[in-house]
Amino acid sequence: MKLVHYIFLLFPCLVLAQQILPEKERARMVDEILADRFNTILPELMDKTDIDMWLIISREYNEDPVLRTMLPATWLNARRRTILLFYRDATKDSIHKLAVARYNVGRNIESAWDKEKEPNQWKRLVQLIEERNPRKIGLNYSKDHNIADGLVKTDYEEFLENLPKKYRSRIVSAEQLAVRWIETRTEREMIIYNQLVDITHDIIAEAFSEKVITPGVTTTSEVEWWMRQKVTDLGLETWFHPTVDVQRSSEELVSHLYSFSGRPEDMFILPGDLLHCDFGITYLRLNTDCQELAYVLKPEEKSPPSFLVNALKEGNRVQDFLTMNMIQGKTGNQILAKALSDARKAGLRPAIYTHPLGLYGHSAGTTIGMWDAQDGVMKDDGENYPLNPKTVYAIELNTTVTIPEWKRDIRIMLEEAGFFGEDGFRYVNGRQTELLLIPRVRTYQGN
């Protein structure tokens, strides 16, 4: 009987775990997706950015952020100095994927360096360049896009020392190519993304339930660490530590920073609290970032107060104003300004700080505001970089709502993964439109 009871307690975890692949199957998936990206996305992006040769140079444990996304599943780091060379011949519709390294880089990138024939790695790289005579040589350096700025000073200097002078004028920044590579999603990746966000929602729903929270006993920090442990137990990873914070009638509204730093730890969760979490996971090299809200029921309450229900609706309205203004070709700052203007005209008090999501949590692409830059982001990823299709975003924002019953303002903070495709915007796996309740209502018991 005890065994049956134990299995019953584990059942929610087992149901969730069925969605998650074992390591060997994950590796197969990662490598299949990578092959698809190399053979379909990369040639298209090299043509669009007008770069026919792309060089990515890294050393072990100091990897270029782009190179990290190109390694096979069994490579957790680069080896020694790894140089990747991609050459696009549009006239022949071909793409050369070569490694100036001692090994093949998985099944996708073939080793093109025999050290016994040419001991000097840089000289072998130059031979490959001369054989192909590229018009432009893209290198990963960028003032505005951190993920596209992975070429370190020493490798750059050594490359220039060995490169014949006639090719030096052909060197260009590969920042646009690097950003497009990082931000662009394939059809198969988006199928996986739906599952990834669903797992994220499931973990939040369990964390914000009576299975984890006992009002008056459980603290916010305990819920945070439960979420971390849940991720570990499922064989997943998280790219940031979860946060859980409380808004209640007896406290004043604090700054936005409160949710990220400076908030008191180990706050006891009490009936009548509005809970908020910020949580994300990493799986199959993709990342999620989600913020949801829960209400802790008071004795004899069967639903949340109407003023909190309406406050959440205002948060959803801000989401709508943002996503309806996500138009291909518009810059992040243009989208931000129009969305904020529309929301304010509707009587809302919004703040929008939406960021790209994908191979990194704070990924490369169109930045639509920052929490401390509501007049626009004064760098290329917000000021000049346009919204492109086949991209994913953390639709992250808040709206301030006055609650007369609490004699204070509250902040409705929401974040959900959204996909911008050829047909416009959609949420990857829905969005929160109702508050989670702690505990869940048991109608058969009348409470």
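The values are calculated or read from the model by the stated rules, or taken from the named source; none is laboratory data. The shown structure was predicted, so the numbers you read here are calculated from the model rather than taken from an experiment. Because the Cβ atoms are built from the backbone with ideal geometry, glycine has one as well, and the counts that use them run over all protein chains shown. Remember, those area values only see protein heavy atoms, side chains included, never the ligands or the DNA or RNA. Shrake-Rupley method; radii C 1.70, N 1.55, O 1.52, S 1.80 Å.
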Inset, instruction - Keeping to segment 349-366, report how many residues are open to solvent by 10 Å² or more (accessible area, probe 1.4 Å) and out of contact with any Asp or Glu (no Cβ under 6 Å at 6 or more places or on another chain). - result: 8
Inset, instruction - Would you check which residues across segment 380-439 are in contact with a Leu (Cβ under 7 Å, 6 or more places away or on another chain) and among the basic types (K, R) and list them? - result: R408, R411
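Residue by residue, here is whether (1) hydrophobic (A, V, I, L, M, F, W, C); (2) at pLDDT below 95; (3) touching a strand residue (DSSP E or B) at 6+ places or on another chain (Cβ under 7 Å); (4) closer than 19 Å to E206 by Cα holds:
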position	(1), (2), (3), (4)
L253	yes, yes, yes, no
L257	yes, yes, no, no
F260	yes, yes, yes, no
P264	no, yes, no, no
L275	yes, no, yes, yes
Inset, instruction - Can you tell me which residue among G376, G369, G347 is more than 30 Å from P271 (Cβ to Cβ) and at pLDDT 95 or above? - result: G347
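Show me the helices (runs of 4 or more DSSP H) found entirely inside segment 71-190 where at least 3 residues are open to solvent by 60 Å² or more (accessible area, probe 1.4 Å).
In segment 71-190, the matching helices (runs of 4 or more DSSP H) lie at 121-132, 153-162, 165-168.
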Legend entry - Matching residues in segment 44-57 - criterion: being under 12 Å from R180 (Cα atoms) and open to solvent by 10 Å² or more (accessible area, probe 1.4 Å): E44, D47, K48, T49
Legend entry - Top-ranked residue in segment 49-104 [being under 25 Å from the mean Cα position of the chain (by Cα) and among the β-branched types (V, I, T); ranked as modelled with the lowest pLDDT]: T74
Inset, instruction - Assess whether R132 counts as being among the basic types (K, R) and under 22 Å from Y393 (Cα atoms). - result: no
Inset, instruction - Just give me the residues in segment 132-148 being free of Cβ contacts under 8 Å to residues at least 60 places away in the same chain and touching a Phe, Trp or Tyr at 6+ places or on another chain (Cβ under 8 Å), in sequence order. - result: Y141
Inset, instruction - Go through (1) polar (S, T, N, Q); (2) under 23 Å from the mean Cα position of the chain (by Cα); (3) closer than 17 Å to W181 by Cβ; (4) at pLDDT below 90 one by one and return the number of the condition N108 breaks. - result: (2)
Inset, instruction - Give the residue, chosen from K330, K338, K345, that is farther than 26 Å from C277 by Cβ and touching a strand residue (DSSP E or B) at 6+ places or on another chain (Cβ under 8 Å). - result: K330
Legend entry - Residue list for segment 298-328, filter: of a type in the set (D, E) and assigned to a helix (DSSP H, G or I): E314, D320
Inset, instruction - Mind listing whichever residues of segment 397-441 are of a type outside the set (A, V, I, L, M), part of a loop (DSSP other than H, G, I, E, B) and exposed (fewer than 15 other Cβ atoms within 10 Å of the Cβ)? - result: P404, E405, K407, E422, D423, G430, T433, E434, P439, R440
Legend entry - Residue ID - least open to solvent (accessible area, probe 1.4 Å), chosen from residues in segment 60-70 that are within 13 Å of L151 (Cβ to Cβ) and touching a helix residue (DSSP H, G or I) at 6+ places or on another chain (Cβ under 7 Å): V66
Legend entry - The one condition in (1) of a type in the set (G, A, S); (2) touching a residue at least 24 places away in the same chain (Cβ under 8 Å); (3) open to solvent by 20 Å² or more (accessible area, probe 1.4 Å) that G369 fails to fulfil: (3)
Inset, instruction - Could you please find all residues in segment 295-310 being loosely packed, with under 11 Cβ neighbours inside 10 Å and acidic (D, E)? - result: E300
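Results for (1) within 28 Å of A148 (Cα to Cα); (2) in a loop (DSSP other than H, G, I, E, B); (3) touching a His at 6+ places or on another chain (Cβ under 6 Å), shown as yes or no for each residue.
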| site | (1), (2), (3) |
| --- | --- |
| L336 | yes, no, no |
| L340 | no, no, no |
| R344 | no, no, no |
| A351 | yes, no, no |
| H355 | yes, no, yes |
| L359 | yes, yes, no |
| G365 | yes, yes, no |
| G376 | yes, yes, no |
Legend entry - Pairs, first of a type in the set (V, I, T) in segment 345-361, second part of a loop (DSSP other than H, G, I, E, B) and open to solvent by less than 10 Å² (accessible area, probe 1.4 Å), C-beta under 6 Å, six or more apart: I352/G369
Inset, instruction - Consider only pairs whose beta carbons are under 9 Å apart and that are at least six residues apart or on different chains; among these, list those whose first residue lies in segment 104-129 and is on the phi > 0 side of the Ramachandran plot and whose second residue is open to solvent by less than 30 Å² (accessible area, probe 1.4 Å) and in a helix (DSSP H, G or I). - result: G106/L34; G106/A35
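Which is of a type in the set (F, W, Y) and over 20 Å from R59 (Cβ atoms), of Y156, Y141, Y167?
When all the criteria are applied, what remains is Y167.
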Inset, instruction - Taking G382 as the residue in question, decide whether it is modelled with pLDDT under 95, within 27 Å of G358 (Cβ to Cβ) and of a type in the set (G, A, S). - result: yes
Inset, instruction - Mind listing whichever residues of segment 375-385 are under 23 Å from F321 (Cβ atoms) and open to solvent by less than 40 Å² (accessible area, probe 1.4 Å)? - result: G376, V377, D381, G382, Y385
Legend entry - Boolean, S303 is polar (S, T, N, Q) and under 30 Å from E237 (Cβ atoms): no
